[in-house]
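Shown next, in structure tokens, is the structure this report addresses.
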Amino acid sequence: MARSPTTSDVFNAIAEVRRREILDALMEGEKAVGTIVADLSLSQPQVSKHLRVIWNERLDRIDDYLKELQETESSSDT
């Protein structure tokens, strides 16, 4: 069965070529959006859009982890 393409799926989120280029640019560490724009010759809105998708994925994972911790804590209290 084929996977439904969603940006909440990390594989689909990084499947986009520009996002991988941005990730490669960030391998050395944090960079300002303006630096990424200049390095990759992309527009600021493009870079911001792609960073937002990657950031949303990370926040979703953190949210899932926190829910898991709460469930574990609740079950150990009983």
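The values are calculated or read from the model by the stated rules, or taken from the named source; none is laboratory data. Here the structure is a predicted model, which is why all the values come from computation and not from measurement. Here Cβ is always computed from backbone atoms with ideal geometry, including for glycine, and neighbour counts include all displayed protein chains.
Just give me the residues in segment 15-30 being assigned to a helix (DSSP H, G or I) and in contact (Cβ under 8 Å) with a residue 12 or more places away in the chain, in sequence order.
18, 19, 21, 22, 23, 25
Being within 16 Å of residue 19 (Cα to Cα) and among the aliphatic types (A, V, I, L, M) is the filter here; which residues of segment 29-78 pass it?
Result: 32, 33, 36, 37, 38, 40, 42, 47, 51, 53, 54.
Among (1) at pLDDT below 80; (2) among the β-branched types (Val, Ile, Thr); (3) part of a helix (DSSP H, G or I), where does residue 7 come up short?
Against the list (1) at pLDDT below 80; (2) among the β-branched types (Val, Ile, Thr); (3) part of a helix (DSSP H, G or I), residue 7 comes up short only on (3).
Any residue in segment 39-50 that is assigned to a helix (DSSP H, G or I) sitting within a Cβ distance under 6 Å of a residue that is loosely packed, with under 14 Cβ neighbours inside 10 Å and not hydrophobic (A, V, I, L, M, F, W, C)? List the pairs, counting only those 6 or more apart or interchain.
50/18
Run residue 31 past the list (1) at pLDDT 85 or above; (2) touching a Ser or Thr at 6+ places or on another chain (Cβ under 7 Å) and report the number of the one that doesn't hold.
Among (1) at pLDDT 85 or above; (2) touching a Ser or Thr at 6+ places or on another chain (Cβ under 7 Å), residue 31 violates only (2).
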